[in-house]
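Here's the structure, in structure tokens; my notes come after.
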Amino acid sequence: MVRMRFIQGRFRAFFAVGWSWFFCIFFWITLGNLGFAQESLGGLKVGFGACEITPRRPTPMAGYYGVRFSTGTHDPLWAKSTVLDDGQTRVVLVVVDLISTNPWMVRETRKLIQEELGIPASHVMISASHSHTGPMLYEPEQRLAARFGNQTDEAKEYMIGLPERIAKSVSDAAGNLRDRTAWYAIGQENQLAFNRRFFMKDGTVGWNPGKLNTNIVREAGPTDDALPLVAFFDEPGKLAGLLSSFAIHLDTVGGTQWSADMPYTIQETLGKVFGPTAHFQYATGACGDVNHIDVRTGNRQGGHQEAARIGTRLSGAILRSWNLLQPVASTRLAASHRIVRVPVHPHSLERSEWAKGVLAKMNDAPLPPFMEMVEAYRIADVEAHPDGMLDAEVQVFTLGDQVAWVSLPGEIFVQLGIAIKDASPFAITSIHELANGSIGYVPTRQAYEQGNYEVISARCAQGSGELLVESAIGQLREQFNGKQQKSQQEGR
């Protein structure tokens, strides 16, 4: 009873002194509740690194179909890396504050890491946060780059130097490998993410239909409110690094200043709680059809203020979960990946000729209608694959039999991510989308029948998402069963 009154008093103090004091007080309370009566698990070394990747000069910005050049920096962009080593296996998780990843970037970065550190390319997971206030990515291997009209000298210069900067973050992480204990938990935040596809009164499925639209019937899909996190400690109470992910589209800020969007607020907020040396690495989950827009309110949602609101709430959800942390029982690592060949989204010869006409008008004013541009770009893109197939890498890392990370190469519909989590035998499974290259939007099978933006944009054909899910689940089960068998053989 006395302790309950104490906690209630602390919460009243929050309302009096604000968020910053609340975070410090809440951390102190939950740390005491957790007790940290954890013996050293041994056998796991963890290192963290970060390298700034903000463009050094004005460069075309990513995220939209028009070209806009940057005019300044609100907050820097980063490549953040975590290296895990159990003495036999070493894996790398990287998150970059970029719109996406592409095959050339990933291949060149992995090559540098393998040459310098001896870490196999298949043990390096590189995902993007999907910031719409980062640079446009130059496509060195894009056969139709000239047609797209966005492959500028500035974008090329940035891309050429990017693998070295990402690899440096990994090298720094490998250079500070330390014995560290691992803990895991799943937080919840159910007031931030909203499915952006809706069944409408006319029988269609709408996409971002606008706030307070009276023609909305209901959402056409779910959200994933889980916030998986893995924390690494140098000693009881001293956080070294935190990995987290959440399924929400990172298109909040807008404008022409470089910004990591809401992960910047997570870094700043949690840094005030755990200290400036703690490493915070946030990844974007499966959110191809999920964003931050609540259509049932008329409130404006955008800009740095909105990014700060989202980042603050996610920071709060992490802290609310602190007394739920459980120790990872085994430090054995495993890694696997599969290349899944998926068919391209088909189109007719007549539509191909139509697309060429639309793309020929891209430098005219006014621009063609938005959905026409979306479809024309998709057709031009898939025609660069004459065999009609796309290579999609599905990668899985696991720690013990409790923690799993799954990477998928595109903007993955949330139901596909949930399907992987539901079938995973691990206690927590964290999805990292836009990883190791991207095949664009990956809708569910039923969404193709419903149409609209994500389906029109999708480079892969109907059923491709389910193939990726099947591969991920298969790898998760293989690793889990393999670890169980090894434990039985070792008599543990």
Original post:
Regarding ALA79, is this residue aliphatic (A, V, I, L, M), modelled with pLDDT under 95, touching a Ser or Thr at 6+ places or on another chain (Cβ under 8 Å) and not assigned by TED's automatic domain parsing to the domain that holds VAL374?
Top reply: no
**OP:** Identify the residue in segment 273-296 that is charged (D, E, K, R) and surrounded by fewer than 22 Cβ atoms within 10 Å (Cβ to Cβ) and, among all such residues, is nearest to ILE186 (Cα to Cα).
**Re:** ASP294
Subject >> Residues of segment 201-254 satisfying the condition of being modelled with pLDDT under 95 and of a type in the set (Val, Ile, Thr) >> reply: THR252, VAL253
Original post:
In this structure, does THR312 turn out to be touching a helix residue (DSSP H, G or I) at 6+ places or on another chain (Cβ under 8 Å), of a type outside the set (Gly, Ala, Ser) and modelled with pLDDT of 95 or more?
Top reply: yes
Original post:
Is segment 388-398 home to any residue that is assigned to a loop (DSSP other than H, G, I, E, B), within 22 Å of VAL342 (Cα to Cα) and without any contact (Cβ under 8 Å) to a residue 12 or more places away in the chain?
Top reply: no
Original post:
Among the residues of segment 326-336, is there at least one that is touching a residue at least 12 places away in the same chain (Cβ under 8 Å), in contact with a Phe, Trp or Tyr (Cβ under 7 Å, 6 or more places away or on another chain) and of a type in the set (S, T, N, Q)?
Top reply: yes
Original post:
Of the residues PRO386, PRO327, which single one is closer than 30 Å to SER122 by Cα and surrounded by fewer than 15 Cβ atoms within 10 Å (Cβ to Cβ)?
Top reply: PRO386
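Of the residues GLU116, GLU52, GLU108, which is of a type outside the set (Lys, Arg), farther than 30 Å from ALA365 by Cβ and in contact with an Asp or Glu (Cβ under 9 Å, 6 or more places away or on another chain)? Working first, answer last.
Details: GLU116 fails: in contact with an Asp or Glu (Cβ under 9 Å, 6 or more places away or on another chain); GLU52 fails: in contact with an Asp or Glu (Cβ under 9 Å, 6 or more places away or on another chain).
So the residue among GLU116, GLU52, GLU108 that is of a type outside the set (Lys, Arg), farther than 30 Å from ALA365 by Cβ and in contact with an Asp or Glu (Cβ under 9 Å, 6 or more places away or on another chain) is GLU108.
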Original post:
Somewhere in segment 68-76, is a residue among the polar types (S, T, N, Q), surrounded by fewer than 22 Cβ atoms within 10 Å (Cβ to Cβ) and over 23 Å from ASP261 (Cα atoms)?
Top reply: no
Subject >> segment 209-233, residues that are among the charged types (D, E, K, R) and either on the phi > 0 side of the Ramachandran plot or free of Cβ contacts under 8 Å to residues at least 40 places away in the same chain (or both) >> reply: ARG218, GLU219, ASP225
Subject >> Subset of segment 243-256 (residues that are surrounded by fewer than 22 Cβ atoms within 10 Å (Cβ to Cβ) and of a type outside the set (S, T, N, Q)) >> reply: HIS249, ASP251, GLY254, GLY255
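Checking the conditions here, which among GLU411, GLU353 is of a type outside the set (Phe, Trp, Tyr), over 17 Å from the mean Cα position of the chain (by Cα) and farther than 30 Å from SER487 by Cβ? Step through it out loud before you land on a result.
Values: GLU411 fails: over 17 Å from the mean Cα position of the chain (by Cα).
Matching residue, one of GLU411, GLU353: GLU353.
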Subject >> In segment 475-489, residue nearest to GLU219 (Cα to Cα) [restricted to those that are in contact (Cβ under 8 Å) with a residue 60 or more places away in the chain and surrounded by fewer than 16 Cβ atoms within 10 Å (Cβ to Cβ)] >> reply: GLU478
Subject >> Residues of segment 209-238 satisfying the condition of being surrounded by 16 or more Cβ atoms within 10 Å (Cβ to Cβ) and of a type in the set (Gly, Ala, Ser) >> reply: ALA220, GLY221, ALA226, ALA231
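The values are calculated or read from the model by the stated rules, or taken from the named source; none is laboratory data. Bear in mind that the values here come from a model prediction, so they are computed numbers and not experimental data. Positions of Cβ are backbone-derived with ideal geometry, glycine not excepted, and every protein chain shown enters the neighbour counts.
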